[in-house]
Amino acid sequence: MRRTLAAILLGTSTLLLPCLTHSQTWVGDSIVNPLTSSPGDVARGRAIVANSQVGLCLLCHSGPFPEERFQGNLAPELTASVGQSTPAQLQARLVDPGRFNPSIIMPAYYRSTGLNRVAPKFAEQTILTGQEIEDVVAFLVSLQ
């Protein structure tokens with residue numbers, strides 16, 4: 001009985017997750033509204049950036065991660081990338097970097113349509129959730 005109730009509640013809660021995200025409002029080079037109702041967390045954002053199974057950021061970028069032996073050199077160092085960007089600008093660059101540079105190799109972390117060479121099992125899915133984007137932005141802002 002308890003397992004059935006737990007399964008029903010878990011199944012229902014995952015159906016409600018899309019309702020917790022907010023639509024994107026683009027103004028110029030920024031997304032002016034948060035993607036979720038919860039603020040980003042710097043520690044979770046750092047963990048996402050450093051995780052070679054989730055964000056894959058260190059595949060191309062390097063950054064303040066002394067514990068990570070292998071870091072990329074294809075893209076600018078993260079502190080330099082962040083520069084003087086606002087949180088809204090950073091969010092936009094994570095959501096859809098191709099909007100700013102169509103030939104960029106950085107993936108769109110929060111877009112699920114108009115993508116090329118996506119494996120069928122990943123079709124219609126984003127790489128990161130809205131909350132994960134908010135967390136990464138919080139971490140990147142902390143580098144400024």
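From the list Leu58, Leu115, the one residue that fits, being under 21 Å from Gly130 (Cα atoms) and in a helix (DSSP H, G or I), is Leu58.
Taken as a whole, the structure leaves Arg69 outside the set of residues that are closer than 19 Å to Trp26 by Cα and among the basic types (Lys, Arg).
Ser62 meets each of the listed conditions (1) in contact with a Pro (Cβ under 9 Å, 6 or more places away or on another chain); (2) surrounded by fewer than 16 Cβ atoms within 10 Å (Cβ to Cβ); (3) modelled with pLDDT of 95 or more apart from (2).
Let's see how each residue does on (1) at pLDDT 95 or above; (2) among the polar types (S, T, N, Q); (3) over 22 Å from Gly28 (Cα atoms); (4) more than 16 Å from the chain's Cα centre (by Cα):
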residue	(1), (2), (3), (4)
Gly83	no, no, no, yes
Gln89	yes, yes, no, no
Phe139	yes, no, yes, no
Ser142	yes, yes, yes, no
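Each residue in the stretch 25-42 was checked for being in contact (Cβ under 8 Å) with a residue 60 or more places away in the chain, among the small types (Gly, Ala, Ser) and farther than 23 Å from Ile104 by Cα, and 2 pass. Here is the figure for the stretch 66-87: residues that are without any contact (Cβ under 8 Å) to a residue 60 or more places away in the chain, buried (at least 16 other Cβ atoms within 10 Å of the Cβ) and within 21 Å of Val42 (Cα to Cα) total 4. Out of all the residues in the stretch 85-111, which are under 20 Å from Glu134 (Cβ atoms), in a loop (DSSP other than H, G, I, E, B) and polar (S, T, N, Q)? Scanning the stretch 85-111 gives Ser85, Thr86. Any chance the stretch 107-130 includes a residue that's of a type in the set (Asp, Glu) and surrounded by fewer than 17 Cβ atoms within 10 Å (Cβ to Cβ)? Yes; the residues of the stretch 107-130 include at least one that is of a type in the set (Asp, Glu) and surrounded by fewer than 17 Cβ atoms within 10 Å (Cβ to Cβ).
The values are calculated or read from the model by the stated rules, or taken from the named source; none is laboratory data. Remember, predicted model here, so these are calculated numbers, not experimental data. Please note: Cβ atoms are built from the backbone with ideal geometry, for glycine as well, and neighbour counts cover all protein chains shown.
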